[in-house]
Amino acid sequence: MRNTVSPYFFLLLSILGFAQIDCSDQRSGNKTMSNEELVARGKYLANFGGCNDCHSPKIMTNMGPVPDTTKLLSGHPEGGQLPPIDTSITNSKGVFTTMDLTAWAGPWGISFPINLTPDGETGIGNWTEEVFFKAMREGKHLGAGRPILPPMPWQSLASLKDEDLRAIFLYLKSLKPVHNKVLDPIAPNMVAQTANKGK
Ligand code: HEC
């Protein structure tokens, strides 16, 4: 009887075990990030997520278009001329885009990547984090309106955890504000007349 180990001993051991796991978790850096760290992570995610591909105006080089770093993420350039669009392509569910990837014609009409800089009038300066989260999670314009049009990959952003989505939002808010009014989308039945008016 005296040689048997008390069941409480095992209980104590397991509690100690848990306590140890808990400590090592804290040591592995599970702390909340500072604002600066979040902005840096947001930049990293936005670069990897290809936001510049569609939302940044481009400069043409011998190796093709590269983002114009003076207007990063400011969207389809205001006053930019749309090239003629062959509507037989878009009517047959094909897609047409410009060299800088800032205008996209397809069966949904023509969509224009928006100005993601924090300009109050033309960008996301007045957006709250709640609006951004709702828009990216539910795929609705401004979080509550019409469906967000292709090829905006909101479905990929929807799968990010809260901290990463917040990091992207804080990074966008930290950008240099660029005043650039992006066109509203053009409905499918208006594509021919809008895109071919210069012809
Ligand atoms: C393949 C092109 C493409 C890529 C890549 C892309 N976007 Fe977009 N984005 C668009 C287009 C086009 C629109 C406009 C859609 C519309 O008018 O409904 C848009 C719209 C948006 C909007 C506005 C949503 C709303 O409420 O109307 C936000 C915010 C946004 N993009 C953020 C991002 C972020 C952040 C990234 C990078 C992680 C990104 N986009 C990558 C094409 C793209």
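The values are calculated or read from the model by the stated rules, or taken from the named source; none is laboratory data. Please read all numbers here as calculations on a predicted model, not as lab measurements. As a convention, Cβ positions derive from the backbone with ideal geometry for all residues, glycine included, and neighbour counts pool all protein chains shown.
Taking segment 165-199, which residues are of a type in the set (V, I, T) and in a loop (DSSP other than H, G, I, E, B)?
V178, V182
Do the conditions hold for M152, that is, is it free of Cβ contacts under 8 Å to residues at least 40 places away in the same chain and within 13 Å of the ligand (Cβ to nearest atom)?
On the way: free of Cβ contacts under 8 Å to residues at least 40 places away in the same chain: no; within 13 Å of the ligand (Cβ to nearest atom): yes.
Against the criterion (free of Cβ contacts under 8 Å to residues at least 40 places away in the same chain and within 13 Å of the ligand (Cβ to nearest atom)), M152 does not qualify.
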Could you check, for segment 125-133, whether at least one of its residues is under 19 Å from S56 (Cα atoms), touching a residue at least 40 places away in the same chain (Cβ under 8 Å) and more than 9 Å from the ligand (Cβ to nearest atom)?
yes
Scanning segment 148-162 for residues that are surrounded by 12 or more Cβ atoms within 10 Å (Cβ to Cβ) and more than 16 Å from T97 (Cα to Cα) gives I148, W154, L157, A158, L160
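Here's the yes/no breakdown for (1) modelled with pLDDT of 95 or more; (2) closer than 30 Å to K93 by Cβ; (3) under 17 Å from the mean Cα position of the chain (by Cα):
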{"residue": "P150", "(1), (2), (3)": "yes, yes, yes"}
{"residue": "S156", "(1), (2), (3)": "yes, yes, yes"}
{"residue": "K161", "(1), (2), (3)": "yes, no, yes"}
{"residue": "S174", "(1), (2), (3)": "yes, no, yes"}
{"residue": "K197", "(1), (2), (3)": "no, yes, no"}
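Would you point out which residue out of V182, V178 is within 14 Å of the ligand (Cβ to nearest atom), surrounded by 14 or more Cβ atoms within 10 Å (Cβ to Cβ) and in contact (Cβ under 8 Å) with a residue 60 or more places away in the chain?
Only one candidate passes the filter, namely V182.
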Exercise. In this structure, does F112 turn out to be within 20 Å of V66 (Cα to Cα) and away from the ligand (no atom under 12 Å from the Cβ)?
Worked result: no
